[in-house]
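The values are calculated or read from the model by the stated rules, or taken from the named source; none is laboratory data. Remember, predicted model here, so these are calculated numbers, not experimental data. No Cβ is skipped: glycine too gets one built from the backbone with ideal geometry, and neighbour counts run over all protein chains shown. Just the protein is used for accessible areas: all its heavy atoms, side chains included, with ligands, DNA and RNA removed. Shrake-Rupley method; radii C 1.70, N 1.55, O 1.52, S 1.80 Å.
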Amino acid sequence: MGSLGDVTERISELVNPKWGQKADANEELVDSALKVNTKPLWAQMAKLNPPAPNPKCVPFIWRYDEVKPTLLRAGEVVSEQQAERRVLMLVNPARDAPFTTDTLYAGLQLVMPNETARAHRHTAFAMRFIIEGQGGFTAVHGKRIGMQRGDVILTPTWNWHDHGKDGSGPMIWLDGLDLPNFQHFPVHFVEHFAQPRYPADDVDSTTSPIVFPWSAMQAKLDAQPGDWASEDYLKADGREVSRILGGSAERLNPGATSPAVRETASSVYHVVSGHGHSDINGQRIAWKQGDTFCIPSWNQYQHTAADGLSEPVYLYKFHDKPMLKALGFYRVEGVDVETLVSN
Ligand code: GTQ
């Protein structure tokens with residue numbers, strides 16, 4: 001602690017700096033700025049206003065064959081009580097969890113027979129793509145939904161949800177959540193229900209607004225003309241599935257290539273069936289059924305189905321377009337910015 005005189009002296013120095021004490025005027029200026037908790041913007045202008053979107057995350061693929069053995073082992077080693085959710089997070093090699101891209105989180109979740117992933121609710125929004133298994137179900141706010149391979153099931157913000165499984169063998173699905181948002185917005189929290197399961201009744205997946213059966217999605221894709229087709233997952237009234245995350249599925253006939261896209265949105269893709277490759281910013285990534293790969297913002301991407309397949313390739317993806325559009329952050333290369341500005 002200094003004396004009152006010291007404090008008065010220090011305040012007087014801050015309010016009335018004596019310039020020209022240091023040979024380097026710039027260094028003196030920066031020192032002085034730091035003393036009053038400020039920093040010159042001009043030293044960081046290009047970093048804060050970069051010439052192009054600059055995601056930290058990099059394109060990456062998680063091969064199902066490589067991840068699944070560890071996930072199944074977790075089913076033996078980690079009990080349902082130990083793990084509120086038994087998930088292997090898909091962590092981008094350029095960042096730590098929860099970043100799959102800079103805005104999206106993905107994880108592979110496993111439930112074993114007669115287990116309960118206990119009921120909770122949280123601010124984060126989830127959309128799940130069912131990869132494999134029989135007899136799995138998720139209960140969302142009192143509605144129990146049977147899981148079928150290829151279905152997309154939503155867990156809207158703040159809805160109670162628990163997961164379970166009857167029958168034999170593992171149930172595995174891909175979780176997509178907006179968890180990276182909460183690194184910036186400190187608004188995310190969870191509440192646990194008093195019992196492991198929230199009371200629920202069975203519902204018909206074909207009429208539930210939070211289930212998108214694969215059979216219906218495939219029929220829509222197949223009804224479109226052309227070697228490449230894309231369909232959004234939309235609510236009955238045409239809106240995106242949430243204000244944060246959206247989703248779509250694509251069909252690529254054997255040998256077909258999708259249009260090249262470069263957008264500010266990022267995506268997590270999952271290969272529903274077939275095999276092929278994606279060219280992502282000049283890097284070629286080969287994939288097959290079960291694999292999951294990510295495309296960070298502004299990385300140009302284009303998919304190609306392998307030649308000589310007897311069936312089309314189907315891809316699922318979730319993305320952050322609804323959130324970016326709501327905030328006015330969505331841009332796609334080649335589209336005139338002026339038209340977007342007037343929206
Ligand atoms: O199933 O509720 O992958 O709360 C991450 C957080 C799944 C879930 C995740 C979650 C869940």
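Observations on the structure shown:
- Subset of region 156-181 [farther than 28 Å from LEU315 by Cβ, within 11 Å of the ligand (Cβ to nearest atom) and either of a type in the set (S, T, N, Q) or not in a strand (DSSP E or B) (or both)]: TRP160
- For MET217, the criteria (1) in a loop (DSSP other than H, G, I, E, B); (2) away from the ligand (no atom under 15 Å from the Cβ); (3) crowded, with 20+ Cβ neighbours inside 10 Å hold in every case but one, which is (1).
- When PRO199 is tested against the conditions (1) closer than 23 Å to GLN109 by Cβ; (2) touching an Asp or Glu at 6+ places or on another chain (Cβ under 9 Å); (3) open to solvent by 70 Å² or more (accessible area, probe 1.4 Å), the lone failure is (2).
- Filter result (basic (Lys, Arg) and in a helix (DSSP H, G or I)) within region 34-82: LYS35, LYS47, LYS68, ARG73
- Residues within region 258-275 that are in a strand (DSSP E or B) and farther than 25 Å from ASP65 by Cα, tallied: 2
- When residues of region 77-96 are limited to those that are among the basic types (Lys, Arg) and within 13 Å of the ligand (Cβ to nearest atom), the one farthest from TYR64 (Cα to Cα): ARG85
- Tally, over region 1-30, of residues that are part of a helix (DSSP H, G or I) and either modelled with pLDDT under 95 or more than 51 Å from the chain's Cα centre (by Cα) (or both): 12
- Scanning region 195-211 for residues that are of a type in the set (A, V, I, L, M, F, W, C) and in contact with a Ser or Thr (Cβ under 9 Å, 6 or more places away or on another chain) yields a total of 2.
- Checked against the criterion of being within 15 Å of the ligand (Cβ to nearest atom), in contact with a Cys (Cβ under 8 Å, 6 or more places away or on another chain) and within 30 Å of PHE329 (Cα to Cα), the candidates PHE99, PHE129 yield just one match: PHE99.
- Hey, GLY135 over 18 Å from LEU179 (Cβ atoms), touching a strand residue (DSSP E or B) at 6+ places or on another chain (Cβ under 6 Å) and away from the ligand (no atom under 11 Å from the Cβ) or not: yes
- Given (1) farther than 23 Å from TYR105 by Cβ; (2) open to solvent by less than 10 Å² (accessible area, probe 1.4 Å); (3) part of a loop (DSSP other than H, G, I, E, B), number of the condition PRO254 does not satisfy: (2)
- Applying the criterion of being hydrophobic (A, V, I, L, M, F, W, C) and open to solvent by less than 40 Å² (accessible area, probe 1.4 Å) to the residues of region 58-76, the residue that is farthest from the ligand (Cβ to nearest atom) is ILE61.
- Scanning region 102-124 for residues that are more than 10 Å from the ligand (Cβ to nearest atom) and closer than 25 Å to PRO53 by Cα returns ASP102, THR103, LEU104.
- Of the criteria (1) open to solvent by 20 Å² or more (accessible area, probe 1.4 Å); (2) more than 30 Å from TYR330 (Cα to Cα); (3) part of a strand (DSSP E or B), which one ASN114 fails: (3)
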